[in-house]
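The structure under discussion appears below in the form of structure tokens.
The values are calculated or read from the model by the stated rules, or taken from the named source; none is laboratory data. All figures in this text were calculated on a predicted structure; none of them were measured in a lab. As a convention, Cβ positions derive from the backbone with ideal geometry for all residues, glycine included, and neighbour counts pool all protein chains shown.
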């Protein structure tokens, strides 16, 4: 493979079919943003849109805006847009609460649907997924078990005692991606349910929940959906389960007729029953803007550019940094999501220096440099400039020596 | 009592020590807003403040704002302000999620702390409180029971089989208010916990959780706290319970060290353990503005004006409308919150006509006209003008005849 030059990347930018999408975002000058998998940047104009909602709908409309401004149906309309991004059937996605709360709802439902059986997950799953499972099991006090295994042994660990397999589709630390259809089939072969956490997938990689036959899913609104810090999350319940899954949290917005103020709970038809409290309109407004932008580009084009950008990033790191960074993300395209991670003993200090100089990625303990690849606003020359900075930094600083003292 | 004239109310406005507070809100012209107990209006400047957060903190700061802009501690600082509004000890209030979710957390904790015993509540409690309790009990599947009685028999219904007494301090339909200290003492006499829903109290009536010896509480951010549609809610856990109450939902923001990404849950010290997911910064920003405004006026001054405004409202209705409206709110000042409600068979149609003509209150089925009294922005002449409209409407329309056909 011949050496890459900056001119090669400039050429790729000139022919990038997604190049125009960058104008849909407000990104600060002098920053190369490789952390959209932690917090996506604001869609252009979102500040003005929220301000309008606050001034006109909240301020002028006041309580009337629940009906007149469509507040009561806002979360449903966002949910339908997200459904299209994850291959979910219409009416199978609900938007609201946090990813953690949604995990609790669905895991609670799964344990009720498969009483007495265990939750199976991956040791290296995102912590809140594991914490929520732990808390739920302790709270139920019925001897359920949370079994954690390594990613590569998940399929083999599914047995007749498994209630639900809970996995994050794309791992937050390594970027490794599961084969959704294969693991889903393995779960179903043992009559277990599958729950996919799509936090690092939605808007970044093609997801087809219906085609994979998935039962349950949750996902985050503030990463590749660019919905704003702490944006509302979403959940998915396969249509065949909608009427029978016993959800533990039954709030008034999930009632068949919330404004009849009946004394006893009657679940709403369909996915609406998964809603709980009064929807947060200001946060939903930002999420709606983010989902709209994410919906403008075909996911296949996003995926193509993402894979190419990661390949180039790896190639540039190998070319410019030698072997001082160890690739952690799988090399095979189909086994990774939309981030690229390298291990280095001084990852924390390196990332802090990068951030200080405008290349924003993430440090994940103990030793991971994590770079999120968001093709909607990341250019090819961004990659060159980021790696040039990393390389210069590694050459100028005694990181290796410091690492040896560990 | 002599008849009231509009001039009397104008005089009260001139000497109202809270009159200046109205300038802290953006209220549309031509509207008399008697629905702040459903959705408070925006604090002045809140739209610009959220837009600044979106532009500068989210847009320019990006992921760095979690630390640099104080996002990670925002909910804690709001919680401490709310603690002062409800007489809670420092470090005993957490802000986040919805009232419904917070009810689930605390009721789940209460049933774990008093295993096998029942939840006692009021038949006419706000529905989501009852729905959450129902769902929790069904989900636990351990034979817990939800017992509902009339408000006046609550104290007598507390027995040794009661795990927790869950009550809304000020009733959403009638405005009737419990004696918090007395009911709390009655619960404690039977070793039951008490959980107060302060949704219609906080910012409107004096609340002293610590003095009453309350164990648990939740409350809403979008009523008298003016935190915006669907604003985050809060919860309170008495300090003596903080370390021992087993919370069912254990998310990563409640972990002792969230960013260590440990595989197993370790609760944070103190009230932080009650947090769950990533905090919704845009919604919290609006709530912070609302809580700041609510904190500017002494609650005693708010209560004094509220009671006087309700007295005058009742007096005006009796003077102008005769006996066509039946008072539902208790007449005794100490037994009511900050709303006044009247029953009429055609309440729904009447309220719709009032709203169409700029007097915004609420209809609560089957027959309640509900008027929220928010002394921070409600003038005395507002009361006169509202009752004048109601009276004219009752005189001009054949409501009574229509009612007889029911």
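Applying the condition of being buried (at least 23 other Cβ atoms within 10 Å of the Cβ) and assigned to a helix (DSSP H, G or I) to segment B:181-207 and asking which residue is nearest to the chain's Cα centre (by Cα) yields B:184.
Residue under question is residue A:34, and the condition is that it be in contact with a strand residue (DSSP E or B) (Cβ under 9 Å, 6 or more places away or on another chain) and surrounded by 18 or more Cβ atoms within 10 Å (Cβ to Cβ); does it hold?
Working: in contact with a strand residue (DSSP E or B) (Cβ under 9 Å, 6 or more places away or on another chain): yes; surrounded by 18 or more Cβ atoms within 10 Å (Cβ to Cβ): yes.
It is true that residue A:34 is in contact with a strand residue (DSSP E or B) (Cβ under 9 Å, 6 or more places away or on another chain) and surrounded by 18 or more Cβ atoms within 10 Å (Cβ to Cβ).
Of the residues making up segment A:121-135, at least one is over 27 Å from residue A:83 (Cα atoms), modelled with pLDDT of 95 or more, within 14 Å of another protein chain (Cβ to nearest Cβ) and buried (at least 24 other Cβ atoms within 10 Å of the Cβ). Filter segment B:234-247 down to residues that are outside any loop (DSSP other than H, G, I, E, B) and touching a helix residue (DSSP H, G or I) at 6+ places or on another chain (Cβ under 8 Å) and give me whichever is surrounded by the fewest Cβ atoms within 10 Å (Cβ to Cβ). If we take residues in segment B:234-247 being outside any loop (DSSP other than H, G, I, E, B) and touching a helix residue (DSSP H, G or I) at 6+ places or on another chain (Cβ under 8 Å), then B:241 is surrounded by the fewest Cβ atoms within 10 Å (Cβ to Cβ). Considering segment B:115-180, the qualifying strands (runs of 3 or more DSSP E), each wholly inside and each with 3 or more residues that are under 18 Å from residue A:139 (Cβ atoms), run over B:162-168.
With respect to the conditions (1) more than 14 Å from chain B (Cβ to nearest Cβ); (2) within 30 Å of residue B:289 (Cα to Cα), residue A:282 falls short on a single one, namely (1). In segment B:11-31, of all residues being surrounded by 16 or more Cβ atoms within 10 Å (Cβ to Cβ), part of a loop (DSSP other than H, G, I, E, B) and out of contact with any strand residue (DSSP E or B) (no Cβ under 8 Å at 6 or more places or on another chain), the one that is farthest from the other protein chains (Cβ to nearest Cβ) corresponds to B:16. Residues that are farther than 23 Å from residue A:368 by Cβ, facing chain B (nearest Cβ under 10 Å) and either in contact (Cβ under 8 Å) with a residue 12 or more places away in the chain or surrounded by 19 or more Cβ atoms within 10 Å (Cβ to Cβ) (or both) within segment A:138-161 comprise A:139, A:140, A:142, A:146, listed in sequence order.
Kindly check whether there is at least one residue in segment A:39-47 that is within 13 Å of chain B (Cβ to nearest Cβ), part of a helix (DSSP H, G or I) and either without any contact (Cβ under 8 Å) to a residue 24 or more places away in the chain or in contact with a strand residue (DSSP E or B) (Cβ under 8 Å, 6 or more places away or on another chain) (or both). Before you say what the answer is, go through the steps one by one.
To start, the set of residues in segment A:39-47 that are within 13 Å of chain B (Cβ to nearest Cβ) comprises A:39-47.
In the following step, the residues that additionally are part of a helix (DSSP H, G or I) were identified as A:46-47.
Now restrict to residues that are either without any contact (Cβ under 8 Å) to a residue 24 or more places away in the chain or in contact with a strand residue (DSSP E or B) (Cβ under 8 Å, 6 or more places away or on another chain) (or both): A:47.
Checking segment A:39-47: at least one residue is within 13 Å of chain B (Cβ to nearest Cβ), part of a helix (DSSP H, G or I) and either without any contact (Cβ under 8 Å) to a residue 24 or more places away in the chain or in contact with a strand residue (DSSP E or B) (Cβ under 8 Å, 6 or more places away or on another chain) (or both).
For residue B:63, indicate whether it is in a helix (DSSP H, G or I), at the interface with chain A (Cβ under 9 Å from one of its Cβ atoms) and either in contact with a strand residue (DSSP E or B) (Cβ under 7 Å, 6 or more places away or on another chain) or over 30 Å from residue A:352 (Cα atoms) (or both).
On the way: in a helix (DSSP H, G or I): yes; at the interface with chain A (Cβ under 9 Å from one of its Cβ atoms): yes; either in contact with a strand residue (DSSP E or B) (Cβ under 7 Å, 6 or more places away or on another chain) or over 30 Å from residue A:352 (Cα atoms) (or both): yes.
Judged against the criteria, residue B:63 is a match.
Checked against (1) under 15 Å from residue A:88 (Cα atoms); (2) in contact (Cβ under 8 Å) with a residue 60 or more places away in the chain, residue A:247 meets all criteria but (1).
Taken over segment B:248-284, the residue count meeting the criterion of being touching a strand residue (DSSP E or B) at 6+ places or on another chain (Cβ under 8 Å), over 17 Å from residue B:232 (Cα atoms) and in a loop (DSSP other than H, G, I, E, B) is 8.
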